[in-house]
Amino acid sequence: MQEILSKKILGERIRSLRIEKAYAQAYVADFLNLSRSNYSQIELGNQYPSFSTLNALSKHYDKSYEWLLHGVEDTQNEPKIKPFETILQDLESSLKNFSASLKQLENELQHIKKTLVTN
């Protein structure tokens, strides 16, 4: 179960991203279209960022909402990658089924031709 979202922890997470990139608060506030003071309040944990601010931060820092809000990556929505061997087996099975369907269609066409010729 995820913890109740803390403004302070969220602010610390956002601040850590900014410091990691060596950005000034004024720079981040500017690309978010916020005043530096307003942005500072978010980092200090005195206010929650708006959805549009979270969206911009998520895109800018290439982080998921799950990470920004809870500090964990959302692994449930990540696409599952099949091993190469499984992909080849699936492809081989599909080709065999397709080949069998073509053979059946060929037999049906030959039957239709014979029927038309005898009539």
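Observations on the model:
- Verdict on Thr53 being β-branched (Val, Ile, Thr) and modelled with pLDDT under 90: no
- Among the residues of the range 34-55, those that are in a helix (DSSP H, G or I) and of a type in the set (Ser, Thr, Tyr) comprise Ser37, Tyr39, Ser40, Ser52, Thr53.
- Residue in the range 50-66 that is touching a residue at least 40 places away in the same chain (Cβ under 8 Å) and β-branched (Val, Ile, Thr) present: no
- The listed residues are Leu10, Leu5, and the only one of them that is within 13 Å of Leu69 (Cβ to Cβ), in a helix (DSSP H, G or I) and in contact (Cβ under 8 Å) with a residue 12 or more places away in the chain turns out to be Leu10.
The values are calculated or read from the model by the stated rules, or taken from the named source; none is laboratory data. Everything numeric in this text was worked out from a predicted model, so none of it was measured. Note that each Cβ is placed from the backbone with ideal geometry, even for glycine, and that neighbours are counted across all protein chains shown.
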